[in-house]
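Since the structure comes first, as structure tokens, the remarks are kept for the end.
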């Protein structure tokens, strides 16, 4: 299947958004967004680096790369609308596998009502799937990392560490893999929190960051961008029953440094915290207070085992 | 140099467009374009497929991939504004080479006044540089392939085949390479025709396609999309003195099938043809009538050696 053939095969018959003026089929795509700001991000997924055939089926690859992009939109308080793909395909990949990647993208596209509007397919040595997503957000309602203020409640949606534990199970030759479908699916088929983020638009200010590299990294990004200190309480971090039931000496690592949960870490004034809780309830999502922000030196501390310690990116807890 | 380091190094200190609300440094970039449509395209460039260290220095790679994207904007009648990069980097590539790629991008960005607003850098086996560009165009002034009408003048900017000939010289071990700097530069440092395309905005209708795969392919795309027949005259096709001076049995192939000239192939009513000529003159560009469109069967014919023959994609002339 050559490039033209593939683009033809995956070209949608209609677009879900009437803001799409021209999709696939010309030198570029065209869309119109006069009343809202455009939010855009790119995410790249490389075979052997981000996934392997052992950890993902082709369907999951398509699903997962788009999930990361959609999650970036949620982290900005934006609604995803459309995307473009760049696909580098090695000769060994069959047409069926390519179609399966596309089906994974289409599955999550349908769930989040987004449109494929353009793409480029080329050959290469290693599968690379790169997606650029476009979303929309009301003017001045974009949720930036520097929006944390001293006194804010720090919160997390859902649970932490599931995806990292799922990946660990997939990479191990642990015979329990199949009995841990929930954790595996949290790695392969994560759920970006768009609905919840959209419901927060009643708030004038909320800081959001999606958890792609682990809460320790995301909290440090918030603290650095906002010039505050963040205190997290290890015992308050939300853990799923499934993760709790796994006997693993890596549990702390999964929780603090496990990436790709695509949950949201946020900060909001104490006054507005009930509105956040209500938004989560309406989205059928749990939301948990995990700490607070104070005036400080752009660092993150964690309260654990009755001690307060420095928490660095990558889940490194400074124990001295 | 890790991912954060590279993004930090190339993060611009300011943005050329005040429509950029947030560039690099959060989960996504944000821009505002209330009065015009957004035009977007992605183009991917793979080592060993689209270029090699023999044909391009790192500077050229950065320049060239962005040139292709900017040319897509010209082909839509749009003004390029901003772009996001996805870079897959093999271990063997040095920091200096990466910075040189970035310098190539920055060089053409400056010339066309566009802003880098986001990116993703990951490691991999093979260098892959993918760029998504965003541009703007007045509502209903986008130049689509299906806009050709029977009776239209077909025209081409600049000259054809130079880039393909430049590439051929680079790939050969021809000692003349250095004396053909013009052709080499046309391959490595092409010039998208944005200014010319912008000047055509006075016209209600003009079809444009940029010549990335050779005039035979682009003419077939116009004929198929518009449901017309296109007649080209081989002797009218504009050839540079430099290409003419090269003794090569591939000259016809360069002219008809040579890609990456990034000139524009367009179609306009006879009445508006003088306006196109005037726009070219103001852009210091030659524009040449190369044929015309008629009612027909979505095919392309070429008049050559006193015969009219079918011209297929890839420069294949049906001689029977």
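The values are calculated or read from the model by the stated rules, or taken from the named source; none is laboratory data. Given the structure is predicted, the values throughout are model-derived calculations rather than measurements. Here the Cβ positions follow ideal geometry from the backbone for every residue, glycine too, while neighbour counts run over all protein chains shown.
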Exercise. For region A:23-50, how many residues are within 7 Å of chain B (Cβ to nearest Cβ), in contact with a strand residue (DSSP E or B) (Cβ under 8 Å, 6 or more places away or on another chain), without any contact (Cβ under 8 Å) to a residue 24 or more places away in the chain and surrounded by 20 or more Cβ atoms within 10 Å (Cβ to Cβ)?
Worked result: 2
For this session: Would you mind stating whether residue A:81 is at the interface with another protein chain (Cβ under 10 Å from one of its Cβ atoms) and touching a residue at least 60 places away in the same chain (Cβ under 8 Å)?
Result: no
For this session: For region B:101-116, enumerate the residues that are farther than 14 Å from residue B:7 by Cα and surrounded by fewer than 18 Cβ atoms within 10 Å (Cβ to Cβ).
Result: B:107, B:110, B:111, B:113
Problem set entry | Index of the failed condition, residue A:191 passing every other in (1) within 16 Å of the chain's Cα centre (by Cα); (2) part of a helix (DSSP H, G or I) | (2)
Exercise. Is at least one residue of region A:301-313 within 28 Å of residue A:189 (Cβ to Cβ) and either assigned by TED's automatic domain parsing to the domain that holds residue A:160 or assigned to a helix (DSSP H, G or I) (or both)?
Worked result: yes
Exercise. Does residue A:178 fit the bill of being within 14 Å of chain B (Cβ to nearest Cβ) and either touching a residue at least 40 places away in the same chain (Cβ under 8 Å) or not in a loop (DSSP other than H, G, I, E, B) (or both)?
Worked result: no
Exercise. Counting just the residues of region B:117-136 that are under 19 Å from the mean Cα position of the chain (by Cα) and buried (at least 24 other Cβ atoms within 10 Å of the Cβ), which one comes out nearest to residue B:77 (Cα to Cα)?
Worked result: B:135
Problem set entry | Qualifying position, being touching a residue at least 40 places away in the same chain (Cβ under 8 Å) and part of a strand (DSSP E or B), among B:170, B:129 | B:129
Problem set entry | Candidate set from region A:194-209 (those that are away from chain B (no Cβ under 14 Å) and part of a loop (DSSP other than H, G, I, E, B)); member that is surrounded by the fewest Cβ atoms within 10 Å (Cβ to Cβ) | A:204
For this session: Would you mind stating whether residue A:213 is without any contact (Cβ under 8 Å) to a residue 40 or more places away in the chain and under 30 Å from residue A:105 (Cα atoms)?
Result: no
Exercise. Only one residue in B:100, B:74 is within 14 Å of chain A (Cβ to nearest Cβ) and part of a helix (DSSP H, G or I). Which one?
Worked result: B:74
Exercise. Hey, any hits in region B:267-283 for a residue that's modelled with pLDDT of 95 or more, part of a loop (DSSP other than H, G, I, E, B) and within 22 Å of residue B:181 (Cβ to Cβ)?
Worked result: no
Exercise. What do you reckon, is residue B:253 more than 13 Å from residue B:154 (Cα to Cα) and either assigned by TED's automatic domain parsing to the domain that holds residue B:160 or surrounded by 24 or more Cβ atoms within 10 Å (Cβ to Cβ) (or both)?
Worked result: yes
Problem set entry | Qualifying positions in region A:51-67 - over 30 Å from residue B:20 (Cα atoms), touching a residue at least 12 places away in the same chain (Cβ under 8 Å) and within 14 Å of another protein chain (Cβ to nearest Cβ) | A:51
For this session: Confirm whether residue B:241 is free of Cβ contacts under 8 Å to residues at least 12 places away in the same chain and surrounded by fewer than 20 Cβ atoms within 10 Å (Cβ to Cβ).
Result: yes
Exercise. Considering B:143, B:149, which residue is touching a helix residue (DSSP H, G or I) at 6+ places or on another chain (Cβ under 9 Å) and either surrounded by 24 or more Cβ atoms within 10 Å (Cβ to Cβ) or not in a loop (DSSP other than H, G, I, E, B) (or both)?
Worked result: B:143
Seminar exercise, completed: Reported set for region A:210-253 where residues are over 15 Å from residue A:293 (Cα atoms) and part of a strand (DSSP E or B) is A:210
